[in-house]
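Undergrad: What follows is a single structure, and I will ask about it in a moment.
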Amino acid sequence: MSLKAITRWLALVVLAFVALQLFFVLRVALMVVVDPESTTFQRSQAWQQLTATTGGPALHWRQEWVPYAQISDSLKRAVVAAEDDGFVNHEGVDWTAIEKNWDRNNRMQELAEKRMAANPKAAPRAIRIRGGSTITQQLAKNLLLSGERSMLRKGQELVLAMLLEQFLSKQRILEIYLNNVEWGDGVFGAQAAARRYYNKNANQLGSAEAARLAVMLPAPKRFEKQPQSAYLNGRTRVIMGRMNRTELP
């Protein structure tokens, strides 16, 4: 390949990258005044449901947008306490949490390698990797990015998180997050979750109900099927204890 061809190829790559970033900027800027109709994650889940139910039952989908003021403060506090207790103070990325989890993951990996070296015949144990993602990062990923795991995608997620913080207020970020986050199979947003699990509106949720919903977020489909999970019950009590000290935007 000639130098001219390589230069042209690199120029096209740079141009595509810049165009993608401009697209993201425009999408985020639009969210200042326009509620997003769906997220990349939701469309992916809908497609999976459709392909899985071809010739079978209809697609199940629950979602209803409600303004920030119509979402229970208890749910806002519970979600912030459970997912990102530094939400109101960071600028989209909690670098301290990322560093701590990086060190923790490395230590766990080293311990696993030592156990295997001491007993090569032992079955390897799964290592639970912690990422330290903020609410803003989760929103950036679900709104605009694919579900693949790579350093490139993680880097784009960090950029988008900081972009969201530049254009949107903390209140707006939390409003969009609570209206789009997954709370079960085909259940998206606070209103749908409140109706699905408690047969009430999002502004009527009490502290215990809100804490339980917040604890479901890391694995909503699993906890939907295990409502009496010991972890779910115990973690709910922990989050309830934190809620009064949680600051809201």
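Undergrad: Please give the length that would be gained between THR7 and ALA230 if that part of the chain were fully extended, namely 0.36 nm times their separation in residues minus their C-alpha to C-alpha distance (nm, one decimal). Let's see the in-between values first.
TA: Working: separation 223, 0.36 × 223 = 80.28 nm, distance 5.91 nm.
Length gained, THR7 through ALA230: 74.4 nm.
Undergrad: Compute the label zone of VAL238 within the range 176-212: residues whose backbone N is under 19 Å from the point 7 Å along Cα-to-Cβ.
TA: Those under the cut-off are 208-212.
Undergrad: Moving to a separate point now. What is the Cα centroid distance between the range 191-240 and the range 162-190, reported in whole angstrom?
TA: 17
Undergrad: Please list the non-local residues whose amide H lies under 5 Å from the amide H of VAL187, H modeled 1.01 Å from N, same-chain partners needing a gap of 5 or more.
TA: ARG62
Undergrad: Right, next: Under a cut-off of 12 Å between alpha-carbon atoms, report the aspartates and glutamates in cross-link reach of LYS141, not counting same-chain residues fewer than 8 places apart.
TA: The qualifying aspartates and glutamates are GLU157.
Undergrad: Determine the alpha carbon to alpha carbon distance for each of LYS4/LYS154; LYS76/LYS200; LYS76/LYS170 and list only those over 22 Å.
TA: LYS4/LYS154
Undergrad: Got a sec? How would MET31, MET162, MET243 order by Cβ neighbour count within 10 Å, fewest to most?
TA: MET162, MET31, MET243
Undergrad: Sorting SER133, SER207, SER44, SER2 on the 10 Å Cβ count, fewest up front, what's the list?
TA: Neighbour counts put them in this order, fewest first: SER2, SER44, SER207, SER133.
No value in this document is a laboratory result; all are computed from the given coordinates. Because the structure is a prediction, the values reported are computed rather than measured. Here the Cβ is made from the backbone with ideal geometry for all residues, glycine too, and neighbour counts use every protein chain on show.
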